[in-house]
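Colleague: Got a structure here, written out as structure tokens. Questions coming.
Taken together, the values in this text are just the output of simple stated rules run on the coordinates, not laboratory data. Every value quoted in this text rests on a predicted model; they were computed, and no experiment measured them. Neighbour counts are summed over all protein chains in view; Cβ atoms, including those assigned to glycine, are modelled from backbone coordinates with ideal geometry.
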Amino acid sequence: MPATPDTPGSDWWYHAFPRLPYARSAPGEKQMLTLVAYDIACHKRLARVARVCEDYGVRVQYSLFECRLEEAGFEDLWLKLLCEINEEEDRLVAYKIDARCAKETHTAGTMVCSEKAVCYVV
């Protein structure tokens, strides 16, 4: 019988498809759940922006990252991102969500994993 998410000992499922950060717990007292989204015109800049975001958060859609950051961490991320974009062609946006609102976030469906996982279901 194949393992499913409900099968005891099926930890592989949760490693391949981790829960979203706010599902485990709300951001810390000084942290904000920050959504960083972007639309980048150049493929090279797009790759650089994505690499910067990967250092700070979890990719949940192709151009959307969720980051748990204190103000200093956010400022660091934002300055790095500004160095990578062309403000006349690209767009960055960051939405800061407090702990109370982060707990009320609803999701459905699958997510894009920031780490590539290959799963074979037979």
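Colleague: Given H placed on each backbone N at 1.01 Å, which residues far from ILE97 in sequence or on other chains put an amide H within less than 5 Å of it?
Modeller: Those lying under 5 Å, H to H, from ILE97 are LEU33, THR34, LEU35.
Colleague: Here is a follow-up. Order by neighbour count: ASP55, ASP90, fewest other Cβ atoms within 10 Å first, most last.
Modeller: ASP55, ASP90
Colleague: If you plug each phi of segment 75-82 into the Karplus form 6.51 cos²θ - 1.76 cosθ + 1.60 with θ = phi - 60°, what whole-Hz ³J(HN,Hα) values come out, in order, with x for Gly and Pro?
Modeller: For segment 75-82, the Karplus curve yields 4, 4, 4, 4, 5, 5, 5, 4 Hz.
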